[in-house]
Amino acid sequence: MTDRPSSSSVAPHDLFAHAPDRVSIYEVSPRDGLQNEQNVVPLAQKRQLVEALVAAGVKRLEITSFVSPKWVPQLADAEELAREMRPPEGVTFSALCPNAKGLERALATGLSEIAVFMSASETHNQKNINKSIDRTLSVFSEIVPPAIEAGLRVRGYVSCVWGCPYEGPVSAERSVEITKKLLSLGCYQVSLGDTIGVGTPKQTRDIVLRCLDAMRVDQFALHLHDTRGTALANILVGLELGVRDFDASVGGLGGCPYAPGAAGNVATEDLVYMLHGMGIETGIDLDKLIEAGNVAERVLGRPLPGKVHKAGAFRRRPS
Ligand code: HMG
Ligand code: MG
């Protein structure tokens, strides 16, 4: 990989010159996917999904949320799932955690990582976690350092970076400021969310360049919902600028119950298919990942939107 690009050094003809050789995929279907389903998926079937994803070679998975079961009943079995499932060597299971109560619950299960989450939009933050942005940052300043002291790794999310369902446009500068605050509290990485999938490539380029000017490339990830079909185009922009951490969800599951219009994340199979086709490694076996998507489809009893999930992989060379 070449040096990190800056806003002045990337010319259009340099396409993919800065793309990484390897990308880390953070799988969110058991959390972002199942939180948005109408029906509660039974614990045993959640386990099957997580196991199928691990069998496909996924190394980082967000398996549940320690949020209020009144707010997200679909994930009310967070303790049971986190206690029952032990990640194999080299695999990390994480879970969302909004406050001290969530941290207490996460610590009791023995998970090694949590993710705090908030929004760059005041209204979405209020609707999603019932607090102002300032109050949220102060809650996080009370839970992130103790979580780290207790041995957890803490990831962060900033939602609505590309736009808010309530407020419309969101200032990229504000999103970067919040991201920097989460990093300064001790988050090892902050995932920038296009929560309602409104982003387009030029906007993504602006957001990514602002991040690159403010932090290391491994300190942020892209979490792109594919509501309008632009997620892969935006990921390509990120890759071209050297970004190597992307969130994805098998079969294209996902959505935020408190962000109307949020459809699924970029499908992990679609992302892996594109990356492998570009010669970028993920450590994931695409055929087994498609099998994990089939497990998700059986568990949910409905067709999933992912494109590779439907079409299957294409062999570039006959086997
Ligand atoms: P609240 O009602 O303001 O909480 O909810 P509270 O502190 O006033 O407490 C009220 C009651 O809730 C109390 O119980 C607490 O114990 C309980 P009571 O005394 O009434 O019996 N409580 C909890 N119970 C279990 N676990 C907890 C917890 N906290 C309080 N952690 C709260 C505030 C944050 C809890 C609530 O708003 C909530 O759970 N929100 C979660 C919303 C959510 O999960 N949204 C989806 C995830 S975000 C997302 O999808 C975006 C993302 O994918 C990125 C992107 O796409 O952009 C990450
Ligand atoms: Mg999301």
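Throughout, read-outs are computed from the coordinates displayed, never taken from laboratory work. No experiment lies behind these values; they were computed from the predicted model shown. Methodologically, a virtual Cβ is constructed for each residue, glycine included, from the backbone with ideal geometry; neighbour enumeration extends over all protein chains shown.
Just one of the numbered conditions (1) in contact (Cβ under 8 Å) with a residue 40 or more places away in the chain; (2) farther than 30 Å from LEU239 by Cα is not true of LYS70: (1). For the residues VAL158, VAL116, the requirement of being more than 9 Å from ligand 1 (Cβ to nearest atom) and among the hydrophobic types (A, V, I, L, M, F, W, C) singles out VAL116. Considering only residues in region 192-250 that are touching a strand residue (DSSP E or B) at 6+ places or on another chain (Cβ under 9 Å) and among the acidic types (Asp, Glu), the one that is farthest from GLY279 (Cα to Cα) turns out to be ASP194. Against the condition under 13 Å from ARG31 (Cα atoms), within 11 Å of ligand 1 (Cβ to nearest atom) and surrounded by fewer than 16 Cβ atoms within 10 Å (Cβ to Cβ), how does PRO69 come out, does it pass? Judged against the criteria, PRO69 is not a match.
Taking region 108-158 as the region of interest, how many residues are part of a helix (DSSP H, G or I), within 16 Å of ligand 2 (Cβ to nearest atom) and either hydrophobic (A, V, I, L, M, F, W, C) or touching a helix residue (DSSP H, G or I) at 6+ places or on another chain (Cβ under 8 Å) (or both)? Of the residues in region 108-158, 2 are part of a helix (DSSP H, G or I), within 16 Å of ligand 2 (Cβ to nearest atom) and either hydrophobic (A, V, I, L, M, F, W, C) or touching a helix residue (DSSP H, G or I) at 6+ places or on another chain (Cβ under 8 Å) (or both).
Exactly one residue out of SER112, SER132, SER159 is more than 23 Å from CYS211 (Cβ to Cβ) and touching a Gly at 6+ places or on another chain (Cβ under 8 Å): that is SER112. Screening PRO88 with (1) crowded, with 20+ Cβ neighbours inside 10 Å; (2) more than 30 Å from ALA172 (Cα to Cα) gives one miss only, at (1).
For (1) of a type outside the set (S, T, N, Q); (2) under 18 Å from GLY238 (Cβ atoms); (3) surrounded by 24 or more Cβ atoms within 10 Å (Cβ to Cβ), each residue gets a yes or a no:
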| residue | (1), (2), (3) |
| --- | --- |
| SER119 | no, no, yes |
| ASN128 | no, no, no |
| SER132 | no, no, no |
| GLY197 | yes, yes, yes |
| LYS202 | yes, yes, no |
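To keep it simple, each residue is scored yes or no on (1) within 14 Å of ligand 2 (Cβ to nearest atom); (2) crowded, with 24+ Cβ neighbours inside 10 Å; (3) among the β-branched types (Val, Ile, Thr).
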| site | (1), (2), (3) |
| --- | --- |
| THR230 | no, no, yes |
| GLY238 | no, yes, no |
| ASP247 | yes, yes, no |
| GLY255 | yes, no, no |
| TYR258 | yes, no, no |
| GLY261 | yes, no, no |
